[in-house]
Amino acid sequence: MSKTVPHDSTNMCKLRKSYDDDDDANMVDAKASFLNNYWVYITNLNYKTVHDELYAEFKKYGAIDCIEMNVHHVTDYNDGCAHIKFYNMESCKAAVATMNGVMFMERCIKIIKCM
C-alpha cells in the first residue's frame, strides 16, 4: 500500500540547479547573466520531472543559466511547476513559442514568459 502525503506548501523546498556550459556560443558573461531577467514559468509538469529532464528538453532553445522547482521533502516529487532562466531573450521566446501546449512526460505543459 502506498503512502499518501497531502500537498502542503509548508513541506516544499525550492531546489535550484545551475548550468554552466562554457562551450555554448549563446552564453554571455556572468555579469550580464546576473542582470538579465529571461525567465519562463512552466506549469502542469509531471510530478516526477527532475531538473536534468527539463534541461535536456529546453537546452535546444539556448543556453540555460538555472532551473528552479519546488520539491516536497518527503516524496521528492515537484509541485508541477518550474522556472527556467535563459541567458538571452531569443532563447526565452523560442522556448515559449515552441513548447507551450506540448506533451512533455505525458502532460500538456503550459509556458509563460516572465519578464
Criterion violated by GLY101 - all others in (1) touching a strand residue (DSSP E or B) at 6+ places or on another chain (Cβ under 7 Å); (2) surrounded by 15 or more Cβ atoms within 10 Å (Cβ to Cβ) satisfied: (2)
Checked against (1) in contact with a Lys or Arg (Cβ under 8 Å, 6 or more places away or on another chain); (2) in a helix (DSSP H, G or I), ASP65 satisfies every condition except (2)
Among the residues of the stretch 78-98 satisfying the criterion of being surrounded by 17 or more Cβ atoms within 10 Å (Cβ to Cβ) and hydroxyl-bearing (Ser, Thr, Tyr), which is nearest to PHE58 (Cα to Cα)? SER91
When (1) touching a residue at least 24 places away in the same chain (Cβ under 8 Å); (2) of a type outside the set (Asp, Glu); (3) within 10 Å of VAL40 (Cβ to Cβ) are applied to MET105, the one that fails is (3)
The residue that is nearest to ASP52 (Cα to Cα), considering only those in the stretch 68-90 that are of a type in the set (Ser, Thr, Tyr) and touching a strand residue (DSSP E or B) at 6+ places or on another chain (Cβ under 8 Å), is TYR77
Among the residues listed as ASN46, ASN37, the single one being modelled with pLDDT of 85 or more, part of a loop (DSSP other than H, G, I, E, B) and closer than 23 Å to LYS113 by Cβ: ASN46
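The values are calculated or read from the model by the stated rules, or taken from the named source; none is laboratory data. All of these numbers come straight from a predicted model, not from anything done at the bench. Positions of Cβ are backbone-derived with ideal geometry, glycine not excepted, and every protein chain shown enters the neighbour counts.
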